[in-house]
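Enquirer: The structure is given below, and queries will be raised subsequently.
The values are calculated or read from the model by the stated rules, or taken from the named source; none is laboratory data. Please read all numbers here as calculations on a predicted model, not as lab measurements. Positions of Cβ are generated from backbone atoms using ideal geometry, with glycine treated the same way; all protein chains shown enter the neighbour counts. Heavy atoms of the whole protein, side chains included, go into the accessibility calculation; ligands, DNA and RNA do not. Shrake-Rupley method; radii C 1.70, N 1.55, O 1.52, S 1.80 Å.
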Amino acid sequence: MKALGIVVAVLLLLVVAFAMFFLKISIYKRVVGVSEVAYREKMLPAYADALAWFDSLRTQQKVEDRYFTNEEGLRLHAYFIPCENAVGNVVLLHGYSGCAIQTAPHAKMYFEKFHYNVVMVDHRAHAGSEGKVINMGWKERLDVLRWVELANEAFGNGSLPMMLHGLSMGGACVLMCAEYGLPSYVKALVDDSG
């Protein structure tokens, strides 16, 4: 019986060590926080047209880098892209270890096909935003709620409907935002495999 207890204790210790190792490599920026440059290389050539569209708007100075400092003191980044004669607003949220540029294909679609103003967010601990820990959407939801307010102020002050579209972890974040409570001008949520 004593040998069985030792085997169980060793197995339990191995499971805990394994879990801690994967927890450390999965949420800390020094391992997973992909830069925009690295993500662009990963996206090519599959999304070359979306990246060319984004770069063209940036060259024309139609993409604005926006920042705010959250309650934890982290400086967070997003791209704001106004659309002429917009009929709505969309806030796009990337997935785990991605960055705002990951949402470029979606941004292009909303901008060109649906005539939406676009906000492409860099979550905390990703690309242009500060932070060292990825919270899998839990703390990010509070940041997103602030981006929703800032997008509303920049694009119509409640006169245009808004939607949130999240990819993977961004989709989970969208659902967490919905549970927390969203302003009445937010009319739709898209959880794209979150």
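Enquirer: What about ALA78, is it more than 17 Å from the chain's Cα centre (by Cα), surrounded by 16 or more Cβ atoms within 10 Å (Cβ to Cβ), at pLDDT 95 or above and not in a helix (DSSP H, G or I)?
Expert: Against the criterion (more than 17 Å from the chain's Cα centre (by Cα), surrounded by 16 or more Cβ atoms within 10 Å (Cβ to Cβ), at pLDDT 95 or above and not in a helix (DSSP H, G or I)), ALA78 does not qualify.
Enquirer: OK, next. Which one of the conditions (1) within 11 Å of ASN89 (Cβ to Cβ); (2) modelled with pLDDT of 95 or more; (3) surrounded by fewer than 21 Cβ atoms within 10 Å (Cβ to Cβ) does ALA151 fail to meet, given that it meets all the rest?
Expert: The single condition ALA151 does not satisfy is (3).
Enquirer: Could you list, in sequence order, the residues of the stretch 84-102 that are under 14 Å from VAL118 (Cα atoms), of a type in the set (A, V, I, L, M, F, W, C) and either more than 16 Å from the chain's Cα centre (by Cα) or outside any helix (DSSP H, G or I) (or both)?
Expert: ALA86, VAL87, VAL90, VAL91, LEU92, LEU93
Enquirer: Among the residues that make up the stretch 170-184, is at least one of them β-branched (Val, Ile, Thr) and more than 10 Å from the chain's Cα centre (by Cα)?
Expert: No, every residue in the stretch 170-184 fails to be β-branched (Val, Ile, Thr) and more than 10 Å from the chain's Cα centre (by Cα).
Enquirer: Any idea how many residues of the stretch 103-116 are out of contact with any Cys (no Cβ under 9 Å at 6 or more places or on another chain), within 15 Å of ASP55 (Cβ to Cβ) and either hydrophobic (A, V, I, L, M, F, W, C) or open to solvent by less than 40 Å² (accessible area, probe 1.4 Å) (or both)?
Expert: 4
Enquirer: Mind checking which pairs have a first residue in the stretch 161-175 that is without any contact (Cβ under 8 Å) to a residue 60 or more places away in the chain and more than 17 Å from CYS83 (Cβ to Cβ) and a second that is surrounded by fewer than 23 Cβ atoms within 10 Å (Cβ to Cβ) and aliphatic (A, V, I, L, M), Cβ under 8 Å, 6 or more apart or different chains?
Expert: Within 8 Å, the pairs are ALA172/MET136; LEU175/LEU189.
Enquirer: Okay, moving on. Just to verify a result, which residue in the stretch 33-56, among those that are open to solvent by 70 Å² or more (accessible area, probe 1.4 Å) and in contact (Cβ under 8 Å) with a residue 12 or more places away in the chain, is farthest from LEU164 (Cα to Cα)?
Expert: Here the residue is ASP49.
Enquirer: Take ARG124 and decide whether it is touching a helix residue (DSSP H, G or I) at 6+ places or on another chain (Cβ under 7 Å), of a type in the set (Lys, Arg), open to solvent by less than 50 Å² (accessible area, probe 1.4 Å) and not in a helix (DSSP H, G or I).
Expert: yes
Enquirer: Also, quick follow-up: Please work out if THR59 is modelled with pLDDT of 80 or more, under 25 Å from ILE134 (Cα atoms) and open to solvent by 80 Å² or more (accessible area, probe 1.4 Å).
Expert: No, not satisfied.
Enquirer: I've got another one for you. Suppose we filter GLY171, GLY181, GLY156 for residues that are under 18 Å from ALA104 (Cα atoms), out of contact with any Lys or Arg (no Cβ under 7 Å at 6 or more places or on another chain) and not aromatic (Phe, Trp, Tyr); which single one remains? Walk me through how you get there before you give the answer.
Expert: Working: GLY181 fails: under 18 Å from ALA104 (Cα atoms); GLY156 fails: under 18 Å from ALA104 (Cα atoms).
On inspection, the qualifying residue turns out to be GLY171.
Enquirer: Spot the failing condition for VAL91; the list is (1) more than 16 Å from GLU36 (Cα to Cα); (2) open to solvent by 10 Å² or more (accessible area, probe 1.4 Å); (3) in contact (Cβ under 8 Å) with a residue 60 or more places away in the chain, and only one is missed.
Expert: Unmet condition: (2).
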